[in-house]
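See below for the structure under consideration.
Only the coordinates and a few stated rules stand behind these numbers; no lab work does. Since the model is a prediction, treat every value here as computed from it, not as a measurement. Please note: Cβ atoms are built from the backbone with ideal geometry, for glycine as well, and neighbour counts cover all protein chains shown.
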């Protein structure tokens, strides 16, 4: 519920930001919006890994509530913007705090829902919430704009963040698992990134996110330019295109639990990428509102199919104790893709036009798909790999588990002492962690 309320509020601000950029920059609104969203991505890319490295030392509930309150304050400042650089600064600060909230929220979900099927449904429902925002926000924005200026939408977003904070305050969250990690704070901050890049399926997923980001950027950055300058339509058409994209995405979110029973997550993700490439080529057709509605609908379908499984893919790749570090790495790296996408979408359309940019992005998406076909391992359906552990003696905090079955220490809770791991060859669901620092080579 907190997510839905915050998302609807954010959706109102997204539309208000597009209108604010157009009012201040005119035909260069795409460039202004692209740079503003790049500021958002910079905050995501550089702040999220820091949170991933230290969040296990903090209360997750208190942290998320604090982030919501700070976001509410920043959004309230939006109506007072008078210079373009004000937009850039406030967008950076707003998303500096969002970069703390979102990956922690994502990592909490599998702690609450440990069953894989239920977690998959939760991801689908989360996507539905996101898509309801795409559908409801333009509608609510359109109604709101009949009675007040777009600056009022920022006020509604601020209230939404405060409501989200109150809901989280009264929500019971499970205690986070103890983290088995050695080293200083810098090592902890970089841990998630290192583990992410050592996992083949996650490297392939990241390449696919390049394609996802490019398709998404065309929608987010250039819809206002496409509607105003290419179609000559009004603000209502802008809201309509966003709504059609949300409808396509929500349709696939409803169907995902059924698809997951007959297709694996790798196949579903790749199918989404194929649809995104088709939709980008489709966008290059002569500008028409009818063509645009169908193209935006296809993009929504592709974005939903390609992104919903990512949570399960990251979750299966991570030791539960390291889950937040993996999710923050995923959050940071994928938003780096969006950073590049936003800048490229704004500049290329301005320099070469909408049609050329759509075709160029479509070709890159095809390349991303081919990479995943070649380098995403097939054994991921089970994630059980044969591997060898070297003989080692070390010290770190740990619990008694299959890798720590010694009984020379009486404490059954988390404890720390020097202990020995003999050389062993075995197989089990494999994740990069303190005791599995490199992916097995076959």
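Extension gain for residue 66-residue 378 works out to 108.1 nm (0.36 nm per residue, less the C-alpha to C-alpha distance). Distance between the modelled labels on residue 274 and residue 234, one decimal in nanometres: 4.1 nm (7 Å Cα→Cβ projection).
What is the fewest-to-most order of 221, 314 by other Cβ atoms lying within 10 Å of their Cβ?
Working: 221 32, 314 23.
Going from sparsest to densest Cβ surroundings: 314, 221.
Reducing the range 272-296 and the range 64-131 to their Cα centroids gives an inter-centroid distance of 29 Å. In a fully extended conformation the segment linking residue 286 and residue 149 would gain 46.0 nm over its present Cα-Cα distance, using 0.36 nm per residue. Here each label is just a point 7 Å from Cα along the line to Cβ, and for residue 255 and residue 351 those points are 3.7 nm apart.
Taking 7 Å steps out from each Cα toward its Cβ at residue 114 and residue 46 produces label points 4.0 nm apart.
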